[in-house]
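The values are calculated or read from the model by the stated rules, or taken from the named source; none is laboratory data. Note that the coordinates shown come from a computational prediction; the quantities given were computed from them, not determined experimentally. Here the Cβ positions follow ideal geometry from the backbone for every residue, glycine too, while neighbour counts run over all protein chains shown. We work out accessible area using only protein heavy atoms, side chains counted, and drop any ligands, DNA or RNA first. Shrake-Rupley method; radii C 1.70, N 1.55, O 1.52, S 1.80 Å.
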Amino acid sequence: MKVTIVGAGNVGATCADVISYRGIASEVVLLDIKEGFAEGKAMDIMQCATTTGFNTRVSGSTNDYSKTANSNVVVITSGIPRKPGMTREELIGINAGIVKSVADNVLKYSPDAIIVVVSNPMDTMTYLTLKATGLPKNRIIGMGGALDSSRFKYYLSQALNKPSNDVQGMVIGGHGDTTMIPLTRIASYNGSPVSDFLSQEVLDKVAADTMVGGATLTGLLGTSAWYAPGASVAYLVDSILNDQRKMIACSVYLEGEYGQSDICMGVPCIIGKNGIEEIVDINLDEKEKGLFAKSADAVRNMNDALKSVLA
């Protein structure tokens, strides 16, 4: 199985590294526009092979899309990262043109690939990729919900003072600081509702911390985070390539699900060999439905800025 990652920056390189040492794919191609950058990252990863014991073949290419031919999955991380004080929404004008060009180029050589979109603003870039390529919606997946959910489980585990692997939780809605919806009501610790262990005040703080989780790291690091985003992409790719059918929150094109249409937003999906195998309908309460509708309005406002790109 072959995976191409377009964009060899921190997130893309971390994704390649995780895919390699976990043996998720037999081949990974890193591609970047900066001369020698992807080649250097690939070489650095390959020099870990004997010490970490992986057999994945990792190569790099400077803007030569022919090297990506016959990829099963293409991950798009291209675009400028967030800087301190910058919202995901502010990235739209710059990153839309980049993502559209990348999608067009990879499909020339891998027409059957499933595309995973990481570039921000992620929901809008997922929508752009779907509309610009005309691919069926199961083959275009936005990664954001997987990352947001991992951050949610981290903050829950910190509040519980328990291992994060014992915590279950999901974030739906838009992948933005004000649009994501951490579902505290149905989060659990080893099968028991977290509300049995944490007060509503603490749960509200967990939700608030989750929503600004990316911005918090950007403030600390001076740029976007990369370890958790890269690992989240690899987790999603693993479920696709190995047909694991995991339920993962992903940004996907909605056609009436959750009361929304003609929009890409984070909802629970079954992820397998065909990409989005199924959109899972979970029972939201009235408050959660209201938050989802409000989130959809905000995402649509960002999508409106795509008109000139899609024209």
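Here are the numbers for the structure shown:
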item	result
Surface share of carbon and sulfur [accessible, 1.4 angstrom probe, percent] for the chain	51
On Cα atoms only, tilt of 227-241 relative to the major axis of the chain in degrees	80
Accessible solvent surface per residue of the range 104-256, calculated while the other protein chains remain in place, 1.4 angstrom probe, Å²	39
The chain, helix-only ellipticity at 222 nm - DSSP H runs n ≥ 4, -39,500 (n - 2.57), divided by all residues, nearest 500	-13000 deg cm²/dmol
Length-normalised contact order for the range 3-103 - Cα pairs under 8 Å, 6+ apart - percent	31
Cα-centre dipole for the chain with unit charges at Cβ (Lys and Arg positive, Asp and Glu negative), debye to 20	440
Contour excess over end-to-end distance, with Cα ends at N242 and A305 and 0.36 nm allotted per residue	19.0 nm
Residues of type lysines that K246 reaches as a straight line, Cα spacing below 22 Å, ignoring anything fewer than 8 places off in the same chain	K2, K137, K153, K273
Helix axis angle, 200-211 relative to the chain longest principal axis, alpha carbon, degrees	20
Straight-distance crosslink candidates among aspartates and glutamates, where the alpha carbon sits under 19 Å from K289 and sequence neighbours closer than 8 are dropped	D123, D148, D177, D204, E255, E257, D262, D281, D297
Count of lysine pairs in the range 3-116 with Cα separation under 24 Å (8 or more residues apart, or interchain)	10
Distance cut-off 24 Å, percentage of C-alpha pairs in the range 1-115 lying past it	25
DSSP bridge pairs, the chain: antiparallel proportion in percent, nearest 5	50
Charge context of K41, other residues only, Cβ under 12 angstrom, K/R +1, D/E -1	-3
Inter-probe distance in nm under a simple model that places probes 7 Å from Cα toward Cβ, at L220 and S66	4.5
On Cα atoms only, tilt of 10-21 relative to the major axis of the chain in degrees	80
Förster-model FRET efficiency, 51 Å R0, E286 and T51, C-beta, rounded to 0.05	0.40
The chain: proportion of alpha-carbon pairs further apart than 34 angstrom, %	17
Cα-centred dipole magnitude for the range 146-287, charges only on beta-carbon of K, R (+1) and D, E (-1), debye, nearest 20	460
Local net charge near A25, Cβ-Cβ under 14 Å (Lys/Arg +1, Asp/Glu -1)	0
Residues in the range 155-169 that a label on A208 would reach, taking backbone N under 15 Å of a point 7 Å out along Cα→Cβ	none
Rounded, prolate or oblate (a/c below 1.5 giving rounded, otherwise prolate when a/b exceeds b/c) for the range 203-311 by Cα gyration tensor	rounded
Of G79, Y127, I263, farthest towards positive along the dipole that unit charges on Lys, Arg, Asp, Glu beta carbons give the chain	G79
